[in-house]
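Q: Pasting a structure here, questions to come.
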Amino acid sequence: MTQTLSASAENSLAQAASALKRGAIVAFPTDTVYGLGAKYDDRRAVRRLYAAKARPAEKAIPVLVGAPSDAESLAANFPPAARALAKAFWPGALTLVLERSEKVPVVVAPGATVAVRMPAHQWLLELLQTVGPLAVSSANRSGQPPKLSAEPVRAVFGDRIDLLIDGGAAPGGRPSTIADCSVHPPSVLREGPVTAAQLRKAVTEAG
């Protein structure tokens, strides 16, 4: 039986951190939608995450970080445009696609790049700063709409997840913008809360 904990419970962070370190899959709210997370360097847990979502193995899973320095460590190259965008929009609803460092397992990012984001969600940031980067995908079966609260997550995944953190409704409700910074100038792969015009302005102003 999957355990559910309120994000406001005193022990929710400690419980989630402990579960993730043991190889668990944890569902939690982010600043955009609900996500399923596993330690990015725990290959077995990441494979379980793919299986739970029925996600094709060739589709990379984004990595959420608790600090820009963590993102830099996951990238083989963190170009000036990426630095400008991270400074302007992190923490926030912007995912940066970067050249993948060898630190990132192929099961997380099977191609040459890795997608990274620092979320604007206090509980989740504290979790990330406690356990390190997490491979996180939206809490829905592959191809289905993302879930915005805990109960639909439970209904979809049941015992395929180990812990569910109930943080109420996800405040954003829309997936993040994705900017490919492995090319220059960066290209917008998906427009979300951060617009293409905002991205261009931030890169231009940074020189």
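Q: Among the numbered criteria (1) within 30 Å of residue 205 (Cα to Cα); (2) free of Cβ contacts under 8 Å to residues at least 60 places away in the same chain; (3) not hydroxyl-bearing (Ser, Thr, Tyr), which single criterion is violated by residue 93?
A: (2)
Q: A further question follows. Could we say that residue 109 is open to solvent by less than 10 Å² (accessible area, probe 1.4 Å) and either touching a helix residue (DSSP H, G or I) at 6+ places or on another chain (Cβ under 9 Å) or in a loop (DSSP other than H, G, I, E, B) (or both) here?
A: For residue 109, the condition - open to solvent by less than 10 Å² (accessible area, probe 1.4 Å) and either touching a helix residue (DSSP H, G or I) at 6+ places or on another chain (Cβ under 9 Å) or in a loop (DSSP other than H, G, I, E, B) (or both) - is met.
Q: Test residue 17 against the stated conditions and say whether it is at pLDDT 95 or above, open to solvent by 20 Å² or more (accessible area, probe 1.4 Å) and either aromatic (Phe, Trp, Tyr) or out of contact with any Lys or Arg (no Cβ under 8 Å at 6 or more places or on another chain) (or both).
A: The answer is no for residue 17.
Q: Could you tell me which numbered condition residue 45 fails, if it satisfies all but one of (1) buried (at least 22 other Cβ atoms within 10 Å of the Cβ); (2) under 16 Å from residue 122 (Cα atoms); (3) of a type in the set (Gly, Ala, Ser)?
A: (2) is the only condition that residue 45 fails.
Q: Follow-up. Does residue 165 qualify as being more than 30 Å from residue 202 (Cα to Cα), β-branched (Val, Ile, Thr) and either touching a Pro at 6+ places or on another chain (Cβ under 8 Å) or at pLDDT below 95 (or both)?
A: yes
Q: Further, regarding this structure: When you go through (1) in contact (Cβ under 8 Å) with a residue 40 or more places away in the chain; (2) under 15 Å from residue 160 (Cα atoms) one by one for residue 23, which number turns out not to apply?
A: Unmet for residue 23, out of (1) in contact (Cβ under 8 Å) with a residue 40 or more places away in the chain; (2) under 15 Å from residue 160 (Cα atoms): (1).
The values are calculated or read from the model by the stated rules, or taken from the named source; none is laboratory data. Note that this is a predicted model, so its numbers are computed, not measured. Ideal geometry is used to build each Cβ from the backbone, glycine not excepted, and the neighbour counts take in all protein chains shown. Please note that ligands, DNA and RNA were not included when accessible areas were found on the heavy atoms of the full protein model with its side chains. Shrake-Rupley method; radii C 1.70, N 1.55, O 1.52, S 1.80 Å.
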